[in-house]
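Below: one structure, written as structure tokens.
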Amino acid sequence: MQFKKSVILGITAAAVAGSMVFAASHGGNPAVKARKAHMQLNAHNIGILGGMAKGDIEYNADAAQAAANNLLALSQLNQMSYWPPGTSNAELGDETRALPAAWEDMAGVIEDAQALTAAAEAMASNAGTLEGVQASIGALGGACGACPKAYRAAES
């Protein structure tokens, strides 16, 4: 009976270790993947609104409101699980451009996130008209761009 338990524990441990190795070798750290995906969603929705504000995309009130609402919802998600210790470019190299400064200045990161939420709220309130989008896009872009300027390494 003891031998059977040992075998089962050994197989379970090997399966867990194997799945962790497989996950690491096929796509990298899940927290890094989540934060990159979140940023891509932000960029997609800001791209729609920015394109409309510049006249590159025909203004559509429903599409503008949807993009603004998406940004607001994204900004209100709890993102703490995206930023576990040990997931900066100092530890993970080319897998991420997140600088260790983000973990050293988490209060600054939170302040930037709050500014993004405020700008997203303003955009969501103003997205019903082209003029509203145009009036809100600068603050939204500035708030969204603040974090990468301070906490992300430049592309190499």
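The values are calculated or read from the model by the stated rules, or taken from the named source; none is laboratory data. Everything numeric here is computed off the predicted structure, so don't read it as measured data. All Cβ positions, glycine included, derive from the backbone under ideal geometry; neighbour counts span all protein chains shown. Surface areas here come from the heavy atoms of the whole protein model, side chains and all, with no ligands, DNA or RNA. Shrake-Rupley method; radii C 1.70, N 1.55, O 1.52, S 1.80 Å.
Data for the structure
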| item | result |
| --- | --- |
| Count of region 45-71 residues which are part of a helix (DSSP H, G or I) and either without any contact (Cβ under 8 Å) to a residue 12 or more places away in the chain or charged (D, E, K, R) (or both) | 5 |
| In region 102-112, residue nearest to residue 31 (Cα to Cα) [restricted to those that are buried (at least 16 other Cβ atoms within 10 Å of the Cβ) and aliphatic (A, V, I, L, M)] | 102 |
| Number of the condition not met by residue 146 [criteria: (1) among the small types (Gly, Ala, Ser); (2) at pLDDT below 95; (3) within 21 Å of residue 29 (Cα to Cα)] | (3) |
| Candidate set: region 72-87, residues that are polar (S, T, N, Q), in contact (Cβ under 8 Å) with a residue 40 or more places away in the chain and part of a loop (DSSP other than H, G, I, E, B); chosen: the one surrounded by the most Cβ atoms within 10 Å (Cβ to Cβ) | 87 |
| Filter pass, residue 88 being in contact with a helix residue (DSSP H, G or I) (Cβ under 7 Å, 6 or more places away or on another chain) and of a type in the set (Ser, Thr, Tyr) | yes |
| Pairs, first closer than 20 Å to residue 104 by Cα and touching a residue at least 60 places away in the same chain (Cβ under 8 Å) in region 130-156, second in a loop (DSSP other than H, G, I, E, B) and of a type outside the set (Asp, Glu), C-beta under 7 Å, six or more apart | 153/97; 153/99 |
| Search result, residues across region 118-143 that are loosely packed, with under 15 Cβ neighbours inside 10 Å and either in contact with an Asp or Glu (Cβ under 9 Å, 6 or more places away or on another chain) or among the β-branched types (Val, Ile, Thr) (or both) | 129 |
| Which numbered condition residue 95 fails, given (1) out of contact with any strand residue (DSSP E or B) (no Cβ under 8 Å at 6 or more places or on another chain); (2) open to solvent by less than 40 Å² (accessible area, probe 1.4 Å) | (2) |
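Results for (1) over 17 Å from residue 136 (Cβ atoms); (2) touching a Phe, Trp or Tyr at 6+ places or on another chain (Cβ under 6 Å); (3) modelled with pLDDT under 95, shown as yes or no for each residue.
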site: 17; (1), (2), (3): yes, no, yes
site: 37; (1), (2), (3): yes, no, no
site: 41; (1), (2), (3): yes, no, no
site: 52; (1), (2), (3): no, yes, no
site: 79; (1), (2), (3): yes, no, yes
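For every residue, the table says whether it meets (1) over 21 Å from residue 60 (Cβ atoms); (2) at pLDDT below 95; (3) not small (Gly, Ala, Ser).
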residue	(1), (2), (3)
91	yes, no, yes
95	yes, no, yes
109	yes, yes, yes
129	no, no, yes
139	yes, no, no
